[in-house]
Ligand code: K1U
Ligand code: ZN
């Protein structure tokens, strides 16, 4: 297993639609393991393949927050939202590709998602709470959408400029 570097916004790969996964191979299983390791190390509660520069439709997540509750690492291939609640909820979001920036985003409170598992089987589950926020945020990454795309242009521009500055500083070392 290995840690993969996380791309920082702005990067064209974070604005690009990812391609469906055709088959569950050893390469895909290794990718999922690397993504989970990278997510836990960050630390984060989710990660989408484009964030590590891999343009395939795979996300990982573990939104268990409570101490004493067993972790629930999940890998979802080709995830699809097949139902969204009318009920909407505002929650604060962050992004490992936009470090230390947080903003409130409104999304459906519950979603039903269908995906291909690493076991080669189709799975379906309804998510609510932080899981619902996270799975929608990660599926957005697969479609080249970032949480800042839901913000007013001025706020989005301000965050983008901060990230450009951060990248310049990192490049200088
Ligand atoms: O996709 C990502 O960039 C990961 C992102 C997922 C996410 C967080 C919050 C709301 C929606 C989606 C993160 O994990 S940011 C880091 C974070 O939220 C966190 C880090 C440590 C403990 C708990 C949360
Ligand atoms: Zn993100």
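All of the numbers you see were taken from the coordinates with simple rules; none came from a lab. Everything numeric here is computed off the predicted structure, so don't read it as measured data. Heads up, the Cβs are rebuilt from the backbone with ideal geometry, glycines too, and the neighbour counts pull from every protein chain shown.
Things worth noting here:
- Arranged from fewest to most other beta-carbon atoms within 10 Å of their beta carbon, 60, 24 become 24, 60.
- The helix-based estimate of mean residue ellipticity at 222 nm for the chain, built from -39,500 (n - 2.57) per DSSP H run of four or more residues and divided by its residue count, is -9500 deg cm²/dmol to the nearest 500.
- In angstrom, the C-alpha Rg and Dmax of the range 34-84 are 11.9, 35.
- Cα shape, the range 58-106, gyration tensor, a/c 1.5 rule: rounded
- Fewest-first sequence of 85, 97 by Cβ atoms within 10 Å of each Cβ: 85, 97
- Cα centroid separation - the range 99-173 against the range 28-51, whole Å: 14
- Ellipsoid semi-axes in whole angstrom, largest first, where each is sqrt(5λ) of the Cα gyration tensor of the chain: 24, 20, 15
- Cα→Cβ-extended label distance, 7 Å offset, between residue 124 and residue 66, nm: 2.8
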